[in-house]
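The values are calculated or read from the model by the stated rules, or taken from the named source; none is laboratory data. Here the structure is a predicted model, which is why all the values come from computation and not from measurement. So basically every Cβ, Gly included, is an ideal-geometry build from the backbone, and we count neighbours across all protein chains shown. Surface areas here come from the heavy atoms of the whole protein model, side chains and all, with no ligands, DNA or RNA. Shrake-Rupley method; radii C 1.70, N 1.55, O 1.52, S 1.80 Å.
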Amino acid sequence: MKIYEKAPAKINLMLDVLHKRPDGFHEVEMVMTMVDLADRLEMSDLPRDTIIITSQAGYIPLDEKNLAFQAARLIKDRYDVKSGVHIHLDKKIPVAAGLAGGSSDAAAALRGLNRLWKLNIPVKELQELGAELGSDVPFCVTGGTALATGRGEKLTPVRNPLQCWVILAKPPINVSTAEVYGKFRAAEIKQHPSASGMIQAIETGNFEAVCDGLGNVLEDVTLKLHPQVGQLKEAMMKLGADGVLMSGSGPTVFGLVYKESKVARIYNGLRGFCKEVYAVRLLT
């Protein structure tokens with residue numbers, strides 16, 4: 001028996017960091033949504049008690065460093081599953097890009113193995129398992145559009161997701177999330193993006209207000225470490241994207257584009273800056 005799951009990428013329409021918590025994590029407010037750029041996981045039962053990960057991508061770990069591997073081991077241990085699994089990961093989302101590719105893979109593994117092994121784990125419980133693997137995993141379990149608070153694991157769905165094009169562009173660098181958060185100083189933030197304003201803009205279908213409300217307090221840190229991210233943002237704005245922001249801790253920059261007629265021009269213009277450019281839709 002084989003089970004297939006899509007693992008879509010996420011973008012942050014707004015990301016605010018409020019303070020560092022006693023447990024070492026940061027208290028955040030984020031409005032996240034998913035785009036139609038996805039990894040695909042194929043999961044098949046193995047008679048022996050083992051976890052095997054394979055992939056066509058030669059640049060990702062296929063052992064316990066892989067979040068899908070960790071998800072499989074967690075669900076096996078927690079529910080005393082004696083059979084094994086072979087997970088083939090068809091990788092499309094860029095790695096270390098601020099798009100939650102690894103987290104989405106882990107979430108897809110949790111969903112798929114729940115079906116493969118007929119465990120009947122409720123969604124809320126899958127999200128709690130996901131929180132043990134990473135802050136973005138609970139959101140990726142259900143997807144959609146949501147406000148994420150706490151360290152990212154407390155989720156409130158947002159209604160009426162936007163319909164527009166998204167241009168994603170990742171410069172040829174990798175960004176360490178730990179380094180970005182390590183250099184971030186909440187007290188130095190002069191203007192915080194508004195989660196309530198973004199939610200209202202989405203739920204009333206006000207595309208212009210969504211673009212005006214885009215904000216990410218981690219941008220300044222990443223832009224200082226990697227000036228090419230700022231250059232990419234500037235290029236995307238000059239090419240005519242309606243709203244431009246860095247996703248997560250970067251380095252991927254996304255542009256929201258309402259008119260399909262603009263998409264090809266922006267996409268082609270950005271190909272001069274970096275090879276990894278994608279024109280996708282928001283998942284609705």
(Q) Of the candidates Leu133, Leu225, Leu155, which one comes out as most mobile in a Gaussian network treatment of the chain with C-alpha springs shorter than 10 Å? (A) Leu225
Q) Once phi is turned into ³J(HN,Hα) by the Karplus curve 6.51 cos²θ - 1.76 cosθ + 1.60 with θ = phi - 60°, what whole-Hz value does each residue of the stretch 32-39 show in order, with x for glycine and proline? A) 10, 8, 10, 10, 8, 10, 9, 7
Q. Using just the C-alpha positions of the stretch 119-244 as equal point scatterers, what log10 of I(q)/I(0) does the Debye formula give at each q in 0.20 1/Å?
A. -1.41
Q. Amide H to amide H under 5 Å from Asp39: which residues, 5+ apart in sequence or cross-chain, H placed 1.01 Å off N in plane?
A. Ala7, Ala9, Lys92, Ile93
Q. Under a point spin-label approximation (7 Å from Cα along Cα-to-Cβ), what is the Tyr79-Phe25 distance to one decimal in nm?
A. 2.2
Q.
If I ignore ligands, DNA and RNA and count only protein heavy atoms, how much of Thr284 is accessible to a 1.4 Å probe, in Å² to the nearest 10?
A. 110
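Classify the stretch 235-284: rounded, prolate or oblate, from the alpha-carbon gyration tensor (a ≥ b ≥ c, eigenvalue square roots; a/c under 1.5 rounded; otherwise prolate if a/b is larger than b/c)? Walk me through the intermediate numbers first.
Working: a/c = 1.45, a/b = 1.07, b/c = 1.36.
Rounded shape, in that the Cα axes give a/c under 1.5.
With the Cα gyration tensor of the stretch 197-276 in hand, convert its eigenvalues to equivalent ellipsoid semi-axes via √(5λ) and list them largest first in whole Å. Write out the running numbers ahead of the final one.
Working: eigenvalues 92, 67, 13 Å².
Semi-axis lengths for the stretch 197-276 are 21, 18, 8 Å.
Over the chain, what is the relative contact order in whole percent, taking alpha-carbon pairs under 8 Å and six or more residues apart? Walk me through the intermediate numbers first.
Numbers: 643 pairs, mean separation 65.2, N = 284.
Over the chain, the number comes to 23 percent.
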Q. Hey, in the GNM for the chain with a 10 angstrom Cα cutoff, which one of Leu239, Leu13, Leu218 fluctuates hardest?
A. Leu239
Q) If you take the Cα Rg of the stretch 74-124 and divide it by 2.2 N^0.38 Å, with N the number of residues, what do you get? A) 1.28
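How much FRET efficiency would the formula 1/(1 + (r/R0)^6) give for Glu208 and Gln231, where r is the Cβ-Cβ distance and R0 is 30 Å, rounded to 0.05? Before the final figure, lay out the partial values.
Working: r = 26 Å, r/R0 = 0.85.
Once the sixth-power term is evaluated, E becomes 0.70.
If you take the square roots of the eigenvalues of the alpha-carbon gyration tensor of the stretch 191-240 and sort them as a ≥ b ≥ c, do you get rounded (a/c under 1.5), prolate (a/b over b/c) or oblate?
Numbers: a/c = 4.51, a/b = 1.64, b/c = 2.76.
Because a/c hits 1.5 or more and a/b fails to exceed b/c, the stretch 191-240 counts as oblate.
Sequence gap at least 6, Cα distance under 8 Å: using those rules, report the relative contact order of the stretch 125-242 to the nearest whole percent. All intermediate terms of the calculation are to be shown ahead of the outcome.
Details: 98 pairs, mean separation 23.0, N = 118.
RCO, the stretch 125-242: 19 percent.
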Q | Structure-based [θ]222 nm, the chain - -39500 (n - 2.57) summed over DSSP H runs of at least 4, per residue, nearest 500 | A | -10000 deg cm²/dmol
Q) In the chain, what % of DSSP beta bridges are antiparallel (nearest 5)? A) 85
Q. Expressed as a whole percentage, what fraction of the accessible surface of the stretch 135-233 belongs to carbon and sulfur atoms when a 1.4 Å probe is rolled over the protein heavy atoms?
A. 48
(Q) Please give the charge dipole size of the stretch 111-250, origin at the Cα centre, charges +1 on K and R Cβ atoms and -1 on D and E Cβ atoms. Round to the nearest 20 debye. (A) 300
Q. In bins 10 Å wide, starting from 0, what share of all Cα pairs of the chain does each bin hold, as a percent?
A. 7, 29, 35, 22, 7, 1
Q: Using only the alpha carbons of the stretch 1-69, determine the length spanned along each of the three principal axes and report them from longest to shortest in whole angstroms.
A: 47, 31, 24
**Q.** For the stretch 153-164, Karplus couplings with θ = phi - 60° (6.51, -1.76, 1.60), whole Hz, Gly/Pro x
**A.** 8, 8, 10, 10, x, 10, 7, 6, x, 5, 10, 6
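Given a 1.4 angstrom probe, what's the average accessible area per residue across the chain, in square angstrom?
Numbers: 12890 Å² over 284 residues.
For the chain, the solvent-accessible area averages 45 Å² per residue.
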